[in-house]
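Enquirer: Let me give you the structure first, and then I'll get to my questions.
The values are calculated or read from the model by the stated rules, or taken from the named source; none is laboratory data. Keep in mind the model is a prediction, meaning the values are calculated, not measured. Note: ideal-geometry Cβ built from the backbone for every residue, glycine included; neighbour counts use all protein chains shown.
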Amino acid sequence: MRISHHHGAWLAGLLLSVALLVPSVAECVMSPATAALNDAFAKQKSGDTPGAKAAFELALSHEPNLQQAHMGLAYVHLRAGDKGVARQHFEAAAGGSNQTMADQARAELALLPRHTWADLYLEGFGWHRLLDPTSTNLVPILRLRAFYRPFVAYDLQVYGFAQATRDTHSRSNGPNGFPLVYADNTAMVGVGALLRLLNGKAGVFARVGPARNLLASGRPTWSLDARIGAYTGVNSVLCTTRSLGLCLEGYGEVVWVNRYDAFNDDNWTNGFDNSVVGMARGRVGYAYLVTGPVRWSPYLEVRGIGDVNGDYWNNVVDAGVGHRWRLLTKVPFSLLVGLHGGRYLGRTKNAAQKLPDPASYLELRLHFATYLQF
């Protein structure tokens with residue numbers, strides 16, 4: 001059909017009028033919540049964070065379950081360091097109808113701290129001393145803690161704990177039951193407080209609770225154990241990945257410990273009488289192979305322990321070489337087998353303590369550990 005010049009001009013004018021009218025109609029139809037949400041995104045894009053925050057809040061005042069507004073506010077508060085409020089908005093967004101956005105909110109929640117959590121630590125330390133064939137042992141250690149974090153924005157928590165240490169070839173020396181092994185064969189329960197620093201790489205803690213002696217030795221059956229300490233632990237990025245390369249690790253702690261026999265006045269249990277014990281350990285390894293989730297690497301380790309009381313087992317230096325297998329799964333596991341040599345430094349303030357002879361040792365060492373958070 002042929003359209004005349006007059007009709008063509010009229011049609012063009014009509015289309016132009018409709019084009020100009022559509023935005024005005026859309027603005028009339030758009031809900032207040034959607035208008036506020038669009039304004040928030042525009043302000044966010046321009047770098048106006050306070051304006052975006054106010055606009056997101058306005059959108060929620062019109063529509064409290066608006067998923068996009070909760071996500072926007074969550075990220076605004078997260079960038080401002082207010083993790084507690086950010087968690088609340090991510091939780092609201094995780095229950096929204098948009099599945100992609102809900103999954104993203106849940107992924108963010110997994111990275112944020114919780115008010116309650118727990119951890120489980122299992123360690124085994126075993127050795128066979130080549131210069132003293134009678135000194136062969138395996139010491140399992142199990143610890144369970146349940147935490148409550150009052151303020152999500154601060155990494156401070158109170159906790160209850162249960163812990164047990166028991167070596168499989170128990171020995172003691174003298175009428176006072178001085179331990180000759182890595183463990184002191186005690187089961188403990190109690191309460192404590194922990195402040196974690198540097199994103200969990202360091203911390204300070206205090207704890208107290210009753211301790212029960214698991215051996216029929218000269219030590220009291222029950223005592224009160226109190227500790228205050230600080231620790232730090234760091235490792236390079238490759239240590240917990242499936243990449244080949246160098247792994248550097250360091251750990252150190254200083255702990256004041258006091259263990260008092262509650263049933264006998266002025267009877268402090270030996271080895272824990274107002275003592276301060278420090279330990280530092282460094283490891284370097286190189287992953288040359290990764291098979292599935294298992295990382296293979298030789299390692300070199302140095303370690304030193306010292307205390308103020310002069311108990312010989314707490315004053316020692318050693319070094320060793322060996323091989324490590326690390327399981328890189330949701331249930332991590334580390335196994336080390338090596339040859340280590342060391343020497344007791346000869347510090348002793350108690351005549352009842354008998355320094356091992358010889359003071360040096362060479363041992364085959366086994367160490368395994370796993371750590372889980374719930």
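Enquirer: Tally the residues that are modelled with pLDDT of 50 or more and part of a loop (DSSP other than H, G, I, E, B), restricting the search to the range 1-60. Talk me through it step by step, then tell me what you get.
Expert: If we filter the range 1-60 for residues that are modelled with pLDDT of 50 or more, which is where we start, we get 29-60.
If we keep only those that are part of a loop (DSSP other than H, G, I, E, B) as well, we get 30-31, 46-48.
Matching residues across the range 1-60 total 5.
Enquirer: If you scan the range 95-123, which residues turn out to be in contact with a Leu (Cβ under 9 Å, 6 or more places away or on another chain) and either among the hydroxyl-bearing types (S, T, Y) or at pLDDT 85 or above (or both)?
Expert: Here is the first cut: in the range 95-123, the residues in contact with a Leu (Cβ under 9 Å, 6 or more places away or on another chain) are 96, 108, 112, 118-123.
Residues satisfying the conditions are A118, D119, L120, Y121, L122, E123.
Enquirer: Next question. What's the number of the only condition in (1) at pLDDT 85 or above; (2) out of contact with any helix residue (DSSP H, G or I) (no Cβ under 9 Å at 6 or more places or on another chain); (3) assigned to a helix (DSSP H, G or I) that Y75 fails to meet?
Expert: Of everything listed in (1) at pLDDT 85 or above; (2) out of contact with any helix residue (DSSP H, G or I) (no Cβ under 9 Å at 6 or more places or on another chain); (3) assigned to a helix (DSSP H, G or I), Y75 misses just condition (2).
Enquirer: For the range 222-233, does any single residue satisfy the condition of being modelled with pLDDT under 80 and aliphatic (A, V, I, L, M)? Before you say what the answer is, go through the steps one by one.
Expert: We begin by selecting, within the range 222-233, every residue modelled with pLDDT under 80; these are none.
No; the residues of the range 222-233 include none that is modelled with pLDDT under 80 and aliphatic (A, V, I, L, M).
Enquirer: Looking at the range 305-333 only, could you name the residues that are surrounded by fewer than 16 Cβ atoms within 10 Å (Cβ to Cβ), closer than 22 Å to Y231 by Cβ and under 26 Å from the mean Cα position of the chain (by Cα)?
Expert: Matches in the range 305-333: P332 only.
Enquirer: List every residue pair whose Cβ atoms sit under 6 Å apart, with the two residues 6 or more apart in sequence or on different chains, where the first one lies in the range 283-305 and is in the same structural domain as Y344 (by TED's automatic domain parsing) and without any contact (Cβ under 8 Å) to a residue 24 or more places away in the chain and the second, anywhere, is part of a strand (DSSP E or B) and surrounded by fewer than 19 Cβ atoms within 10 Å (Cβ to Cβ).
Expert: L300/V284; L300/V321; V302/G282; V302/A319
Enquirer: Could you grab me the full set of residues in the range 82-108 that are within 12 Å of G72 (Cβ to Cβ) and either small (G, A, S) or outside the structural domain of A69 (by TED's automatic domain parsing) (or both)?
Expert: A86, A92, A93, A105
Enquirer: If you scan the range 61-72, which residues turn out to be outside any helix (DSSP H, G or I) and under 29 Å from the mean Cα position of the chain (by Cα)?
Expert: Pass one, the range 61-72, residues outside any helix (DSSP H, G or I): 63-66.
Matches in the range 61-72: none.
Enquirer: If you don't mind, another one. What about R212, is it modelled with pLDDT under 95 and outside any strand (DSSP E or B)? Don't jump to the end; show me each part of the working.
Expert: On the way: modelled with pLDDT under 95: yes; outside any strand (DSSP E or B): no.
In short, no.
Enquirer: Sticking with this structure for a sec: Of everything in the range 200-255 that's within 29 Å of L328 (Cα to Cα) and over 17 Å from the mean Cα position of the chain (by Cα), which residue is surrounded by the most Cβ atoms within 10 Å (Cβ to Cβ)? Can you show your working first?
Expert: Restricting attention to the range 200-255, the residues satisfying the condition of being within 29 Å of L328 (Cα to Cα) are 200-205, 230-253.
Keeping just the survivors that are over 17 Å from the mean Cα position of the chain (by Cα) gives 238, 242-248.
Values: L238: 18, R242: 14, S243: 12, L244: 14, G245: 14, L246: 12, C247: 22, L248: 14.
Among those residues, the one meeting the criterion is C247.
Enquirer: If we scan the range 103-113, do we find a residue that is more than 25 Å from E63 (Cβ to Cβ), of a type outside the set (D, E, K, R), touching a helix residue (DSSP H, G or I) at 6+ places or on another chain (Cβ under 9 Å) and without any contact (Cβ under 8 Å) to a residue 60 or more places away in the chain?
Expert: Pass one, the range 103-113, residues more than 25 Å from E63 (Cβ to Cβ): 110-111, 113.
Checking which are of a type outside the set (D, E, K, R) leaves us with 110-111, 113.
When the remaining residues are screened for being touching a helix residue (DSSP H, G or I) at 6+ places or on another chain (Cβ under 9 Å), the result is 113.
Applying the additional criterion that residues be without any contact (Cβ under 8 Å) to a residue 60 or more places away in the chain yields 113.
Checked the range 103-113: at least one residue is more than 25 Å from E63 (Cβ to Cβ), of a type outside the set (D, E, K, R), touching a helix residue (DSSP H, G or I) at 6+ places or on another chain (Cβ under 9 Å) and without any contact (Cβ under 8 Å) to a residue 60 or more places away in the chain.
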